[in-house]
Amino acid sequence: MKQGMLKIVLKLAGSIVLLAALGLSVVALSGTPAGAQTADKAADKAADRAAGKSDRQAPEDQSKDILPIPQESDDDPIGDRIRQTLQDSGAVPPSPIERAYSAFQRGYFLTAFAMALEQAETGNPTAQTLLGELLVRGLGVRQDFTEAAGWYKLAAAQGEPEALYALGRLHIEGRGVARDPSRAAELFRLAGDRGQATALQELAYLHLRGEGLEKDEHRAAAYLTRAAYGGDSEAQFTLGGLFIEGIGVSQDDVQAARWFGEAARSGHIAAQIEFAIMLFNGRGGPKDEPRAAGWLRQAALTDNPVAQRRYARLLAEGRGVDKNPEEAARWYLIARRRGLQDKFMESWLLRQDADVLRRAEGRANAWPGGFLAAGRNPPPAGGN
């Protein structure tokens, strides 16, 4: 009962506020005849004011006291933020193409294909690009480069940057379309101008090779710089290499270390190794063996044999990390089974305790993808 009365009171209060906002002087809000008469008088006064009549003199200029009426506009940032917040919270369902991408990311490729196809046929460039990706990779459907190229072309015609880049790659490889580096360069340039950083990297490679474009190391470096600032880790790594060698730019170890470091922090494995080497040698910045060891270990954990071999040697010598013969042997054995050997480490193994080596071999075999998992025996600890 109390809740019902509360609702009525709130509704009445809302009505009063609305009437006040309309400029009506609300004296009474009851169902009695007296209240109705009073409300009628208030309405009459409001009409008089609207007609320019008033029972008191108004100031000459009241514009400064009047709030402007909001105008309708296509630009509604507040509304956009509200809608985005509701969608992020799950209160608003995602769009059909967002559902297609969600299915793609979760591995439901056939479902993603069906959802994307429905949207692609209506002209949605994002859906057309997703169809191309599924067809190129043969995910959920038969691999078909020609059909993929067709969908990419439709999306590229609408300026979709990912489609422009993907179609350019097909022209480089000659898959589904004629091999045409010049056409690829044109598509990469259009994609790059729309913020696709990897396309700028591809343009740089074409300039470095002189393929489809004139050979121009300076232009290549300029494109790589744009891509690197755009966050492309491969471009950052390659740009670091140009600064090391002085190709298209002035040789600069500091800049090389900077870009190797940027790429390393983005998870680029080769950059992590190069950055570690520069840290270890104090090239391009202060010498820092512990940081170098940390980067090599991170790369080694990704199963990179070059990093595994280098990290093993640091563990064997106690450089940047505490000396640990068993751990050093383990990492070196993991790298050696991938075909990488090191004369220093081979000689070092021969001097190690047999129990240490046995434990190291057991741990190396337990490494994912190790010899036991592959059904093979590890090579002898001191073998060549």
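What follows draws every value from the coordinates through simple rules; no lab data is involved. Please read these numbers as outputs of a predicted model, since none were measured by experiment. All Cβ positions, glycine included, derive from the backbone under ideal geometry; neighbour counts span all protein chains shown.
If you average the C-alpha positions of region 107-153 and of region 270-335 separately, how far apart do those two centres end up, in angstrom? Computed from Cα coordinates, the inter-centre distance equals 43 Å. Sparsely packed loop sites in region 203-251 (the GluC sites (Glu not before Pro) outside DSSP H, G, I, E and B with at most 16 other Cβ atoms within 10 Å) comprise 211, 214.
Each peptide in 140-148, 160-168 gets a packing score, the mean of other Cβ atoms within 10 Å over its residues, and the list from highest to lowest is 160-168, 140-148.
Size estimate for region 173-266 follows the Kirkwood approach: the inverse of mean 1/r over distinct Cα pairs works out to 13.3 Å. Shown for 215, 153: other C-beta atoms within 10 Å of each C-beta, ranked fewest to most, produce the order 215, 153.
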